[in-house]
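One structure below.
The values are calculated or read from the model by the stated rules, or taken from the named source; none is laboratory data. Everything quoted here is computed from the prediction, not taken from an experiment. Heads up, the Cβs are rebuilt from the backbone with ideal geometry, glycines too, and the neighbour counts pull from every protein chain shown. Keep in mind that these areas ignore ligands, DNA and RNA; they rest on the heavy atoms of the full protein, side chains included. Shrake-Rupley method; radii C 1.70, N 1.55, O 1.52, S 1.80 Å.
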Amino acid sequence: MIPKIHFYLLFFILFTSPSYCQISFNATGAPADPSSAVDIQDTQKGLLIPRMTKVQRDQIAAPATSLLVYQTTDNSGYYYNAGTPQSPVWTALDGGQEAALTRTLITALPYEITQPGSYLLAGHLTGATGITISTSGVTLDLNQYTLTGASGNTSKGVRVAGEQSGIRILNGSVKNWAGGGIDAVATTGCTLMNIAASGNGQDGITSGAGALISHCTAHNNTLDGIDVGQNSGISHCLAFANGDNGIEADNGVVISDNTCNQNTKAGIYAGSGCTLRGNTCFDNGTNGLESGSGSLVDRNTCAENTQTGFVLQNGSRADNNHAKSNGGHGFSAQQDVVLTSNSADSNGQNGFYSTFDGGKMDGNQSSDNAVGYFISGSGWLIIRNSASGNTGGGFQVGPSNAKATVLTTATLNTSSNPNANVDY
């Protein structure tokens, strides 16, 4: 044991001496080991490391690299900071060995990942070639840093080579890569979250089938902002000022709660059998939202797009959508489309438009367009719709359609037809 007076003396030396020295804590007076700054020797007592919860650990301000604590909650044990004070990477120890939470640091470009595991960007990196992932089962955490393509590069920021699976790319930015930001087009079931892709020469973000893409931003890319494979999900993303479509999706994709503005072509361009819900498409160069055949289009808004707000292909259904001040039609429908409870206001051409056969319009509102409902095809059922202030009239419907009586303000209170349309 160390006598108390010796401890106070050593404490005084350690914290008051302006010069560097080695400190030895022992009962024999032996000097510190030459390799150590502090050497503690005792046969009866140990060294007690600070104990704290995970929340308390994460609140340590700028923790030094290698700082050690004992975590009392959430997989309790010893944790040390394997990262930097600015970007801590708390890593668990298990019997003196690093546990599975350990992540491999990427400190320079180019970098190829050939083994499954977790990889972490150590800082902002710039290079002529980016990161290549050549195996399945990889998590790449950009750690809030940016991968920047050097001037004149022909590479991709992150490229997944081959038909890999179980790929996760998270938390950072990729910009100025001539070959595209993130290319995971051959993957199955990848996850892309919290990624910002900007100024890339092709697509900002590209994924294969079965992908999950959320909370990403893509802007000022030469081609599509985000391009997803079939049977995927994309949500809470922002795509703007891209050279092609904001979001382009293959068949069977769920596209929800995204914002697509000021893209050169369509805000959203989707394949067949997709679900598009809660999206906003504003000021795009062609159409706001284009759905493939058999799609469900629900509660979206398309405003001030150069051409048509909503383009609905065969057998699609559109409910509760709003088209406002688009340069073309509010809604353009192909064959056997069902439109229910939608609104079209102040569009440059017609509120609702179709030259195809079949379909149904029920309970829609069309205001201040060229024509409220322009249907030149046949076989449509047109009931319970209303029109007001359209310069070319409320209803221009071909004779081979089932259109309920159109009431005016003069006849509105004299009809008992529950399916009547209203032009006022």
Restricting the stretch 221-230 to residues that are of a type outside the set (G, A, S) and crowded, with 17+ Cβ neighbours inside 10 Å, the one farthest from G181 (Cα to Cα) turns out to be Q230
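Table: residues versus (1) open to solvent by less than 70 Å² (accessible area, probe 1.4 Å); (2) at pLDDT 85 or above; (3) assigned to a loop (DSSP other than H, G, I, E, B).
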site	(1), (2), (3)
C21	yes, no, yes
S36	yes, no, yes
T43	no, no, yes
Q56	no, yes, no
Y70	no, yes, no
D74	no, no, yes
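Residues to consider are N242, N231, N194, N221; find the one that is in contact (Cβ under 8 Å) with a residue 40 or more places away in the chain and either out of contact with any strand residue (DSSP E or B) (no Cβ under 8 Å at 6 or more places or on another chain) or not aromatic (F, W, Y) (or both). Walk me through how you get there before you give the answer.
Values: N242 fails: in contact (Cβ under 8 Å) with a residue 40 or more places away in the chain; N231 fails: in contact (Cβ under 8 Å) with a residue 40 or more places away in the chain; N194 fails: in contact (Cβ under 8 Å) with a residue 40 or more places away in the chain.
None of the other options fit; the residue is N221.
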If a residue has to be open to solvent by 40 Å² or more (accessible area, probe 1.4 Å), assigned to a strand (DSSP E or B) and not charged (D, E, K, R) to count, how many in the stretch 374-419 make the cut? 5
Only residues that are surrounded by 10 or more Cβ atoms within 10 Å (Cβ to Cβ) and of a type in the set (A, V, I, L, M): list them for the stretch 45-54, please. I49, M52
Per the filter on the stretch 278-329, residues open to solvent by 20 Å² or more (accessible area, probe 1.4 Å) and either out of contact with any strand residue (DSSP E or B) (no Cβ under 7 Å at 6 or more places or on another chain) or β-branched (V, I, T) (or both) are T280, G285, T286, S293, G294, T301, T306, Q307, V311, N314, G315, G327
Candidate set: the stretch 166-179, residues that are within 20 Å of Q230 (Cβ to Cβ) and surrounded by fewer than 24 Cβ atoms within 10 Å (Cβ to Cβ); chosen: the one modelled with the lowest pLDDT: G166
I'd like to verify a number: residues in the stretch 171-196 that are part of a strand (DSSP E or B), over 10 Å from the mean Cα position of the chain (by Cα) and of a type outside the set (S, T, Y), how many? 9
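For the subset of the stretch 180-213 comprising residues that are hydroxyl-bearing (S, T, Y) and open to solvent by 10 Å² or more (accessible area, probe 1.4 Å), which member is farthest from T264 (Cα to Cα)?
If we filter the stretch 180-213 for residues that are hydroxyl-bearing (S, T, Y), which is where we start, we get 187-188, 191, 198, 206-207.
In the following step, the residues that additionally are open to solvent by 10 Å² or more (accessible area, probe 1.4 Å) were identified as 188, 191, 198, 206.
Working: T188: 29, T191: 27, S198: 15, T206: 18 Å.
Of everything passing the filter in the stretch 180-213, T188 is farthest from T264 (Cα to Cα).
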Here are the criteria: (1) of a type in the set (D, E); (2) at positive phi; (3) touching a residue at least 40 places away in the same chain (Cβ under 8 Å). Tell me which single one D42 does not satisfy. (2)
So, in the stretch 233-248, exactly how many residues are open to solvent by 10 Å² or more (accessible area, probe 1.4 Å), under 24 Å from N305 (Cβ atoms) and within 14 Å of the chain's Cα centre (by Cα)? 5
